[in-house]
Amino acid sequence: MSEPIVLASRLDLPAASALKTQLKAQTEGDLILDLSEVKHLGALCLQVMLAAATTAVAAGRSVSVINATDRVTDQLRVMGMTPETIARGRT
């Protein structure tokens, strides 16, 4: 089993490029996104996460989104998403 990727606490526009690089480096094994440290999740970083999940699912890899706080779950809900929709790799 792969190690979870613990995401940064603030996932906003300035963090999107680094997040993309971090997720693109994870090319083997399961993709496990740990949201335990996330306090702010912006739409662009959500898009980066969804793109990485879609790519992983298309490659036959398992995707999990774990430890999403209530705050992050609320932010996702406002954008029409849930941890489960990200893990499926589609909207």
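Whenever a residue of the range 80-91 is free of Cβ contacts under 8 Å to residues at least 12 places away in the same chain, its partners that are open to solvent by less than 20 Å² (accessible area, probe 1.4 Å), lying with C-beta atoms within less than 7 angstrom and at least six residues away or across chains, give the pairs THR82/LEU76. Contact annotation: residue pairs with Cβ atoms under 7 Å, 6 or more positions apart or on different chains, pairing a residue in the range 21-49 that is under 18 Å from ALA59 (Cα atoms) with a partner that is assigned to a loop (DSSP other than H, G, I, E, B) and open to solvent by 70 Å² or more (accessible area, probe 1.4 Å), are ASP30/MET1.
The values are calculated or read from the model by the stated rules, or taken from the named source; none is laboratory data. Keep in mind that what you see is a predicted model, and the values were worked out from it rather than measured. Because the Cβ atoms are built from the backbone with ideal geometry, glycine has one as well, and the counts that use them run over all protein chains shown. Just so you know, the surface numbers come from the protein's heavy atoms only, side chains and all, with ligands and any DNA or RNA stripped out. Shrake-Rupley method; radii C 1.70, N 1.55, O 1.52, S 1.80 Å.
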